[in-house]
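Notes follow the structure.
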Amino acid sequence: MHEDLTEQTLHLRMMARTLELARNGFIKIAPSPFRGALLAHNDTIVGEGYLANRDAVDGEVHALKAAGDKAKGATLYVNLEPAYGTSKGINLVERILDAGIARIVVALRDPNPVVSGKTLDDLRQAGVEVIEGVLADEAFQLNEIYLTEVVTRRPFVHLLTAMSLDGKIATRLQDSNGITGPETREFVQQLRSRYDAIMIGVNTVLQDNPTLNCKALRGCDPWRIIIDTEAKSPQNSKIFLRSDPNEPRPPVLIVIGYGAHEDRLRTLRLAGAEIIHCPDETHEDPRVDLARLMPILYKRGITSVLIEGGATLRGTALEAGIVDKVSFLVAPKLIGGSEATTAVGGEGVAFVHDAWPVNRMHMRSLGSDLLIEGYLK
Ligand SMILES: NC(=O)c1ccc[n+]([C@@H]2O[C@H](COP(=O)([O-])OP(=O)(O)OC[C@H]3O[C@@H](n4cnc5c(N)ncnc54)[C@H](OP(=O)(O)O)[C@@H]3O)[C@@H](O)[C@H]2O)c1
């Protein structure tokens with residue numbers, strides 16, 4: 001019993017370090033999964049590695065190389081099941097077996113239905129002990145985009161809201177400047193850099209004229225997607241501006257419904273936007289059909305979308321059932337006012353028992369603000 005507990009503690013500690021290693025790939029490899037690898041004999045680490053970018057060899061290869069002969073009989077810790085088949089010219093199952101690894105401890109299987117469990121099955125059959133599920137929740141959070149989109153085959157959608165403690169995202173005069181503090185703004189910059197696209201509604205463009213820039217990742221701006229029924233976004237909006245004069249123009253997608261005039265579309269194309277026509281096919285609603293839009297974006301290679309507002313878009317995104325995760329950045333301020341905009345608009349539910357449940361909630365401080373997050377699925 002005592003030995004088991006010690007072993008469990010050891011696995012938790014080593015997996016925590018493996019997740020730390022995986023995070024080194026942060027912002028450079030999204031939407032590929034973050035992969036860390038560590039080799040140890042009991043509590044002595046003999047090799048470490050991580051996937052540095054999507055073109056690099058896997059972390060396991062670096063860890064095995066660093067360990068050399070010491071890999072024999074060692075335990076391999078990985079946050080995600082090693083890639084199956086040949087990846088970048090290397091067969092990881094063969095490498096692991098050739099090195100004489102005795103045991104592999106895995107946080108999560110690769111859920112990709114094409115490969116799920118195959119690497120672990122091959123290793124098990126070759127006599128390697130396999131332990132699964134160590135720090136699985138933490139490993140899921142790290143790779144939530146990949147782990148979701150690879151199964152659902154549509155973008156991972158994350159709803160982000162900055163609000164006052166009383167749930168307001170703007171004042172009655174529509175002022176939404178500086179609700180949250182500097183640490184939160186830095187967090188948002190980092191978060192944007194993990195996403196393929198940032199999405200806002202046209203009223204936010206008209207009222208706030210945001211840049212949506214992404215200082216954390218120069219040269220790799222996410223798509224800016226504007227949900228804009230009638231193509232009312234002004235052609236001189238800041239969303240068309242470069243984050244940096246030396247960088248290329250950011251990619252902008254304007255998604256329209258019914259009623260957009262051809263001359264508006266021409267003007268927006270000249271400003272640098274691409275236009276997608278995605279109305280509700282039943283003609284019941286002139287606005288953009290968000291559920292229909294998701295597979296269209298996925299086909300274009302957009303695997304993750306960060307919805308930053310406003311309230312109407314947040315509400316209809318929830319109603320369309322496309323949201324995977326919500327994050328609320330809560331500032332220690334009260335704005336008040338029945339006319340001030342609340343965080344989530346749309347129709348909302350009629351009865352409390354129909355409310356969207358938020359699962360696996362967690363919370364942390366960002367300066368004087370609070371970040372509260374959870375998953376809808
Ligand atoms: N604190 C924050 O986190 C934050 C972030 C962003 C914005 N804001 C604030 O939010 C306010 C703007 O929010 P808002 O609710 O008025 O507007 P919004 O959500 O920015 O834009 C909504 C508009 O988008 C168009 N649209 C087209 N298809 C849609 C669909 N399927 N679902 C929803 N919208 C669709 C509609 O325009 P048509 O009417 O032309 O059809 C709709 O009126 C501003 O005051 C801004 O400052 C705060």
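What follows is calculated from the coordinates using simple rules that are stated; it is not laboratory data. Computed from a predicted model, the values in this text were never measured in an experiment. Note that each Cβ is placed from the backbone with ideal geometry, even for glycine, and that neighbours are counted across all protein chains shown.
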Mind listing which GluC sites (Glu not before Pro) in the stretch 242-339 are in a DSSP loop and have 14 or fewer other Cβ atoms within 10 Å?
Glu281, Glu284, Glu339
What is the distance, in nm, between label points placed 7 Å from the Cα along the Cα-to-Cβ direction at Arg185 and at Arg103?
5.0
In deg cm²/dmol, rounded to 500, what helix-only [θ] at 222 nm does the chain give when every DSSP H run of at least 4 residues adds -39500 (n - 2.57) and the total is split over its residues?
-8500 deg cm²/dmol
Neighbour net charge for Leu268 - beta-carbon separation under 14 angstrom, K R +1, D E -1:
+1
Mind scanning Lys88/Lys377; Lys168/Lys238; Lys65/Lys215; Lys299/Lys325; Lys232/Lys377; Lys65/Lys118 and naming the pairs with a C-alpha gap bigger than 28 Å?
Lys88/Lys377; Lys65/Lys215; Lys232/Lys377
Modelled FRET efficiency - R0 45 Å, Lys299 with Ala126, Cβ distances, 0.05 increments:
0.70
Tell me which chymotrypsin sites (Phe, Trp or Tyr not before Pro) from the stretch 316-377 have a DSSP coil assignment and no more than 14 other beta carbons within 10 Å of their own.
Phe351
Taking the dipole about the Cα centre of the stretch 221-377, with the C-beta of Lys and Arg at +1 and of Asp and Glu at -1, give me whichever of Leu293, Gly367, Val252 is farthest to the positive side.
Gly367
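Where in the chain are the DSSP H helices whose C-alpha atoms run 18 Å or more along the long axis and whose mean Kyte hydropathy is at least -0.5?
Long hydrophobic helices here: 2-22.
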How many nm is it between the label spots at Ile90 and Arg172, if each spot is 7 Å from the Cα in line with the beta carbon?
6.3
Percent antiparallel among DSSP beta bridges (both partners in the chain, rounded to 5)
40
